[in-house]
Amino acid sequence: MSLETHLNLLIVDDDDVDRMAVRRALKNADFPFRITEACDCSSATEALEQQTFHCMLLDYLLPDGNALSLIQTLRKEGQNLPIVVLTGQGDEQVAVEVMKAGASDYLAKAKVSPTQLSKIIQGAIRLYEAEIQVVQTNRLLRETNERLKVKTRQLEQQRQQIHSQNLQLMKASQLKSQFLATMSHEIRTPMNAIMGFSQILMQGNKGKLTDSQHSMAQRIFDNSSNLLGLLNKLLDFSKLESGRSEVMSAPVNVAKLVLATTEELRSLADQKHLKLITKIQLEDKKIETDADRLRQILVNLVSNAIKFTESGQIEVQLSEETEDRVAIAIQDTGIGIAPQHRDHIFEAFCQVDQTTTRQQAGTGLGLAITRSLVELLQGEIQVESTLGSGSTFLVILPRYLDLATDQDFKEAAVSAIPSSFI
Ligand code: ADP
């Protein structure tokens, strides 16, 4: 409702002259209106039942009651239209009482003039609109509050569900890790026996083998050794994943470690006629870390570099990243990795070439293990690569492995292991 629309007014007064005075005054008021007249409480109530009014001008004294009781009754019934009470001169006490009962305003009859009337009606309507607005806003707030309560309850239910699902997942994951660890262990023992016996056969101490028998024994040995490698990786992975991997921190000459590990892999590079270069650009070569874990990281990355390079070279560079961090870069001139695969190669079982005819053997676990190990050592790993030109894997490690916060890092490392394995 606004004052621009046609105002529907109800004048309740038993005095014809007074009603006429109000009507006359309204005629000169500055808003369009329509008037309905009533001369007592009952006809006013009747009119209110039949129409909706924007405002009621109510005389205080009426033949069948007074403004006070009419206002009280109307308000009790939920009628909340603006009511302006017309009082006699000097009826301040009456004015106070009707205002208390719920009148919007009052006006002494002697002051009824076009300006006064339009001012008071507009004021009453504005007040009414403001009240309506407050009521609506409050209702809206209450509804929003209710909706929020429902949402909060739903969220809490979802949180509990997720919590119990997490517990189930953890249980399942633990069982799976336990299963993997037991199976790997059980398979490793006979596998070692197979490898040992095939080696004995090849040595010829138990009778010389023909060339074809030797080649068969060699194949038994090679395949068993591949299988053992796979089992070891699975075991490593399940240990890392379940957070059962121990980390130690001790002083290490990182330059010696890098050189020795690279040397261990030189024969692999030689077989493919690849150059294997090591560059040490580090003054203070002492760091504190877990040497076995770092060695494992280097073996994985350098052997991958050799595996995925057909010609050219592999360069391992050790340098100072910052005062308290060292960097090891393993750069190859191999097949490279396409941008769309770069983010996925650290996921468990991810291999860029997934065809059955792929040239390189592997499990797709090496980089997942490597990343978890790097995180276990509180470091980070990055890769840069150009398809067809080569790749550089960069491992950045802190000079001092802080075992006080190791638990947090272990958890971070475990959570970094992709869920595809779960
Ligand atoms: P895999 O056992 O297959 O080597 P990894 O987890 O070590 O598993 O590597 C995952 C995949 O990432 C590899 O299959 C290969 O596609 C890609 N990759 C890893 N290292 C290199 C590299 N130096 N050059 C090119 N591709 C690589």
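Scanning segment 98-133 for residues being of a type in the set (A, V, I, L, M, F, W, C) and within 20 Å of residue 23 (Cβ to Cβ) gives a total of 9.
For beta carbons closer than 6 Å, sequence separation of 6+ or different chains, a first residue in segment 314-331 that is over 17 Å from residue 297 (Cβ atoms) and a second that is modelled with pLDDT under 95 and not hydroxyl-bearing (Ser, Thr, Tyr), the qualifying pairs are 320/282. Annotation note: of 260, 269, the sole residue that is small (Gly, Ala, Ser), within 16 Å of the ligand (Cβ to nearest atom) and either within 14 Å of residue 395 (Cα to Cα) or not in a loop (DSSP other than H, G, I, E, B) (or both) is 269.
The single condition among (1) modelled with pLDDT under 85; (2) away from the ligand (no atom under 12 Å from the Cβ); (3) buried (at least 18 other Cβ atoms within 10 Å of the Cβ) that residue 328 does not meet is (1).
Scanning segment 289-311 for residues that are assigned to a loop (DSSP other than H, G, I, E, B) and crowded, with 16+ Cβ neighbours inside 10 Å returns 290, 308, 309.
Please work out if residue 205 is modelled with pLDDT under 90, outside the structural domain of residue 316 (by TED's automatic domain parsing) and in a loop (DSSP other than H, G, I, E, B). So residue 205 passes the test. Restricted to segment 1-41, and to residues there that are in a helix (DSSP H, G or I) and among the hydrophobic types (A, V, I, L, M, F, W, C), the residue that is modelled with the highest pLDDT is 41. Apart from one condition, residue 101 fits all of (1) over 17 Å from residue 83 (Cβ atoms); (2) in the same structural domain as residue 26 (by TED's automatic domain parsing); the exception is (1).
Close Cβ contacts (under 6 Å, 6 or more residues apart or on different chains) running from residues in segment 352-373 that are more than 20 Å from residue 334 (Cα to Cα) to residues that are part of a loop (DSSP other than H, G, I, E, B) and modelled with pLDDT under 70 comprise 372/417. The set of residues in segment 19-58 that are among the charged types (D, E, K, R) and buried (at least 16 other Cβ atoms within 10 Å of the Cβ) comprises 19, 37, 40. The condition (being part of a helix (DSSP H, G or I) and under 24 Å from residue 238 (Cα atoms)) is satisfied by just one residue among 160, 165, 154, 136: 165. One residue stands out in segment 210-232 among those that are over 16 Å from residue 192 (Cβ atoms) and surrounded by 14 or more Cβ atoms within 10 Å (Cβ to Cβ): the one that is nearest to the ligand (Cβ to nearest atom), namely 218.
Screening the candidates 151, 171, 119, 176 for the property of being surrounded by 14 or more Cβ atoms within 10 Å (Cβ to Cβ), without any contact (Cβ under 8 Å) to a residue 24 or more places away in the chain and on the phi < 0 side of the Ramachandran plot yields one hit, 119.
For segment 288-325, what are the residues that are within 13 Å of the ligand (Cβ to nearest atom), among the acidic types (Asp, Glu) and out of contact with any strand residue (DSSP E or B) (no Cβ under 6 Å at 6 or more places or on another chain)? Within segment 288-325, just 310 meets the criteria. Of all the criteria given as (1) part of a helix (DSSP H, G or I); (2) in contact with a helix residue (DSSP H, G or I) (Cβ under 8 Å, 6 or more places away or on another chain), the one not satisfied by residue 330 is (1). The single condition among (1) within 30 Å of residue 25 (Cα to Cα); (2) part of a helix (DSSP H, G or I) that residue 106 does not meet is (2).
The values are calculated or read from the model by the stated rules, or taken from the named source; none is laboratory data. None of the values given here were measured: they were computed from a predicted structure. Glycine gets a Cβ as well: all are built from the backbone with ideal geometry, and neighbour counts include every protein chain shown.
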